[in-house]
Amino acid sequence: MRRKGVLLFAIGMALIAVPLIITSEFYVNLASQILIYALLAVSLNLLLGYGGMVSLGHASFVGLASYAAVLLLNAGFGQLASAVLAILFSTACGGLFGLLALRASGIGFLMITLALGQIVWGIAYRANTLTNGDNGLRYAARPHPFGIAIDSASSFYWFSLIVFAIALFFIWRVTRSPFGASLQGARDQPRRMRMLGHNVWLIQWLAFVLASFWGSVAGLLYVYYNLFISPHAISLQQSAEVLLMAILGGASALTGPIVGAVIITLVKNVVSTYFERWNSLLGAIFVVVIMFMPFGIVPGVRQLWARWRAPKKLERAA
Amino acid sequence: MTPALEVVNLNKRFGGLPATRQVSLSVMPGERRLIIGPNGAGKTTLFNLITGDLTPDAGSVKLFGQELLKLPTQQRVHLGLARTYQILTLFPKETLCHNVVLALLGLDRMRWDVWTFLLGQSHLYDAAREALALVGLGASADRTVAETSYGERRRLEMAMALAQKPKVLLLDEPLAGLSQEERSQVRDVLARVPRDVTIVMIEHDMDSALAFAERITLLHYGEVIVEGTRSQVVADPRTKEVYLGD
Amino acid sequence: MQFWIIQTLNSIAFGGLLFLLSSGFSLAFGLMRIPNLAHGGFFMLGAYLGATIVYYGGHFWIAVLGAGLGVGLVGIAFERLILRRLAGNVQGQVLVTLGVSFIIADLCLLIWTGDPWTVPAPAELRPPLRVAGFAFPTFRLVVLAIALVTAVALYLLMDRTRLGAMIRAGVDDMEMARGVGIPVSLLFTVVFALGAVLAGLGGTLGAPMLNAYPGLDTDMLPLALIVVILGGAGSLLGAFVGSFVVGFLYNFGIALFPDLAYFILFLPMVLVLVFRPQGLFGRVQT
């Protein structure tokens, strides 16, 4: 337990030090992007890993929160009011989407989230008067939370890190809470859970709302980072990328999606510099991961670690 | 006196095939009722209709006078209904203790808590260990389900149901597939259930559960054929016909 | 008046095209229990293949057949080489179809570039059909006729042939079908390939109306999904009715409220999900 604490502290310190160690603005920005996608993937994993619900529309919360924030700011609301209302709006849409998607389970759920995500994309793409279509919308300027400017690469990174840390802490508490246990129970044995007195539908719906809330927070970070939102950010491909992050890293662990987000974001950025065919590679990674490592990296590494540790423990015991 | 469980004219068809036909039964509070019948008699279907896993085509199911059919399964459980399954539906990767905790959570308002640590809720874990001890699994509380034997899992099913302190307990073939020794363990557990709990038990094999029953209902092809006290049902020629005839 | 007649006709023709797209999609979904998310990619690949054949001087109808054949082969290869290996892992299969759809889309972009390819309708069908003073676009009527013929053919296949009976048995109850000795695994390939062929044919047939362009796949896939959500997985009648409902809503939506075309599609989907989640004609709960 103490060793875990020390490890956590070290990781935290290292993360805080990132902009001090790598001074290149490009890489600090890349680190901010990773944090945003990691938050998105972790929020999706509440559904995927803990709830057993595969959503292919999670990027729509990035869009809903971002577009709402831009439109509210342009309508004259302040930064704080825009942020709060945008997240409320996006989470409320999540509540509605959850109502619809949970009319089905399994593959039906996946299809409905996909269709809903595409409809959000279609509206962003087609509703020119509101969203400026394919050209997207600009967000005027980053906010100054508590009067602190977050316009530079490193200050924005720290801002994202704080939001990410708070979110991760909340989500971690959820996964360890009675509700988290019920959610995992509902994933494994929904019928049995009902017979134990649990309202499986409500559990899953609340998980959907929670996931859309944190997805919307990631969406707000996205629009602060890019100062721009276009339909591209909410395409099916984006939803699929986030899903891939969670699966690649390992949906059964809280840290899995974070590892997945680091890998996918790095590969995407590195590959895009040298090689135009990111989409083919994304598709190929998808196929390979699902065929050959369906449980992801983190659980796989954990298993190896346990196997490596087991003989040592025996030695010590002897 | 209001019956603990009252089923009236329950009908259910699968496609064209009737699974239960005009089934009626009335179980008084504290009674131990045995439902017997050959395979395919509609025993488990009857349980599924009572718990809400299936919706009947017609009829009524009342728990202490309250109609259940409009209620979803989980609300029926909150009214005091509990059951075990014939085909085990447990959480195999979790410890026995966690399985029982999930059962306790189902009736605890705390189940909606997203913030506190479940592992810190010692009252739930103490109650879970108590329920496990009741079925003789006290020493195995921290093993995972995957590491236990079939007989232990059957007893875990019982512990989960008993932990909920139900008013009416439905047991679906709790003795099936158990060794002689395990059977007597389960029978001991049943004997220790407080008398204010009403028990309805399905058994395929009549002999193994006979001692337990006060009243017996015989189902055949979805219909109630005979009902009465133990000696009445055993003596009835139709019982012999169903069990020896084919 | 002319506007309404033309838009109605366009809607019906588009509905016919959607039927070609979604009937195979729905049958494969009903049988294999998975939505093939590469189906939009199959449609787009069909459009590009057809456009290429026409570009190199092939006749339009040759292009249609060639596209159907080409995409059908891709479908067989995909089913045999990848999907088959994930048998039993429904979630994995769906995600793999998604991965393949990205690969198809990207390879199409690589081969056919980002500029749209137009495909002219065959010369003999270009002059409009004049009836009672109104001009009807002949080609669209022909597309509609082909869709109707396909619908009848599929109905006969499903209802009157041994193959159809086996498919229906598989859609209704897979275990039972296996139990009575139906070669379910062969059936999977056949139905999957049938869906791919129809999508390929549809892609080329639709090309004179829609063109072949990057993004055609993600434009069409949601339409197929909504058709199946409306009509129910595995139901031919559902795919038929759903296609024309979506065809009308989408076409009139674009013509009348271009900003809200997608939102209009959303409404019937919501209604069906709320009141009849298995789809209007579906038996399988998805």
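General remarks:
- Residue, surrounded by the fewest Cβ atoms within 10 Å (Cβ to Cβ), within the stretch A:33-86, restricted to residues that are among the polar types (S, T, N, Q) and farther than 30 Å from A:Gly250 by Cβ: A:Asn74
- Single match in C:Leu156, C:Leu144 (criterion: within 30 Å of C:Val171 (Cβ to Cβ), surrounded by 13 or more Cβ atoms within 10 Å (Cβ to Cβ) and either within 14 Å of another protein chain (Cβ to nearest Cβ) or not β-branched (Val, Ile, Thr) (or both)): C:Leu144
- Counted as qualifying within the stretch A:137-204 are the helices (runs of 4 or more DSSP H) with 3 or more residues that are within 14 Å of chain B (Cβ to nearest Cβ) and closer than 29 Å to A:Ser32 by Cα, namely A:153-176.
- The helices (runs of 4 or more DSSP H) located wholly in the stretch A:42-134 that include 2 or more residues which are more than 8 Å from every other protein chain (Cβ to nearest Cβ) occupy A:59-74, A:79-101, A:107-126.
- Residues that are at the interface with chain A (Cβ under 8 Å from one of its Cβ atoms) and buried (at least 20 other Cβ atoms within 10 Å of the Cβ) were ranked within the stretch C:270-286; the one that is modelled with the lowest pLDDT is C:Thr286.
- For the residues C:Gly99, C:Gly58, C:Gly88, the requirement of being among the small types (Gly, Ala, Ser), out of contact with any Ser or Thr (no Cβ under 8 Å at 6 or more places or on another chain) and buried (at least 18 other Cβ atoms within 10 Å of the Cβ) singles out C:Gly99.
- Selected residue (only one of A:Ala218, A:Ala233 is part of a helix (DSSP H, G or I), more than 14 Å from chain C (Cβ to nearest Cβ), under 16 Å from the mean Cα position of the chain (by Cα) and surrounded by fewer than 22 Cβ atoms within 10 Å (Cβ to Cβ)): A:Ala233
- For the stretch C:159-174, a residue qualifies if it is buried (at least 16 other Cβ atoms within 10 Å of the Cβ) and of a type in the set (Gly, Ala, Ser), and the qualifying residues are C:Gly164, C:Ala169, C:Gly170.
- Residues of the stretch C:72-126 satisfying the condition of being β-branched (Val, Ile, Thr) and over 22 Å from the mean Cα position of the chain (by Cα): C:Ile111, C:Thr113
- Test: C:Arg130 is assigned to a strand (DSSP E or B) and either exposed (fewer than 12 other Cβ atoms within 10 Å of the Cβ) or within 14 Å of chain A (Cβ to nearest Cβ) (or both): yes
- Those helices (runs of 4 or more DSSP H) lying entirely in the stretch B:41-127 with at least 3 residues more than 7 Å from chain A (Cβ to nearest Cβ): B:43-51, B:96-105
- Residue among C:Gly242, C:Gly253, C:Gly238 that is in a helix (DSSP H, G or I), more than 7 Å from every other protein chain (Cβ to nearest Cβ), surrounded by fewer than 24 Cβ atoms within 10 Å (Cβ to Cβ) and modelled with pLDDT of 85 or more: C:Gly253
The values are calculated or read from the model by the stated rules, or taken from the named source; none is laboratory data. Being a predicted model, the structure only gives us computed values, none of them experimental. Because the Cβ atoms are built from the backbone with ideal geometry, glycine has one as well, and the counts that use them run over all protein chains shown.
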